[in-house]
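Read the structure below first, then the notes.
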Amino acid sequence: MAKSIDISGRRFGRLIAISFSHSKDRNELWKVVCDCGVEKVIYKKTMLNGEAVSCGCKKSTAKDPVEKIKESVVIDETTGCWNWTLSKDNAGYGRLKVQMGARDKFRMTSTHRRAYEVFVGDIPKGMCVCHKCDNPSCCNPEHLFIGTHKDNMQDMISKGRQGWAKKSDAAIAAAPKEI
């Protein structure tokens, strides 16, 4: 089995991981405490992928999208970023399920896109939701803006976040322009 990652003290929705409990069928189970006070043992992978976010008490409450986002973030007082605490992709962007009418119909989306939809409004077709703060796990609507893919790439280059070697301003200015 691969080296285990310690999640002690991490928040997953309403759950806080307390300690490793045991392994079952090569899967880790962790002792957790819910905000409502109930202690349970839950599979680690269900917390990491966002399936387990409470002891079960949450199922009885309405799923208001504003509350879903607000209860799943930790606010960084220094930066103002709303850091997503649940499931993230390999690049660090938050991921969540969005209900689509029927009970068993849903879609996966990025938390920053969902936060923009919930707090600001619709995202025009083909547009990106970009971060002013350059923090992939942030979903603070005040840190988000709409732009094209080109806008997002230019923002990345202007801040020196590209993976390839930095070009000088002269080289960028001399590059052929898109028509």
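Values in this text are rule-based calculations from the coordinates and carry no lab data. Keep in mind it's a predicted model, so treat the numbers as computed, not measured. Ideal geometry is used to build each Cβ from the backbone, glycine not excepted, and the neighbour counts take in all protein chains shown.
Of note:
- Assigned charges on the beta-carbon of Lys, Arg, Asp, Glu; the stretch 1-148 dipole about Cα centre (debye): 600
- Residue-span extension gain [LYS24 to SER158] - 0.36 nm each, minus C-alpha spacing: 43.3 nm
- Computed about the Cα centre, the dipole magnitude for the stretch 62-161 is approximately 460 debye when only Lys and Arg (+1) and Asp and Glu (-1) carry charge, each at its Cβ.
- Spin-label model distance (nm) - ASP64 vs THR78, 7 Å beyond Cα toward Cβ: 3.2
- Those aspartates and glutamates that a straight Cα-Cα span of less than 14 Å connects to LYS159, excepting residues fewer than 8 apart in one chain: ASP134, ASP151, ASP169
- Positive-end extreme of charge dipole, the stretch 1-56 - chosen from ALA17, ALA52, SER4 (charges on Cβ): SER4
- Above-threshold pairs, the threshold being 30 Å between Cα atoms, out of LYS40/LYS88; LYS40/LYS68; LYS24/LYS70: LYS24/LYS70
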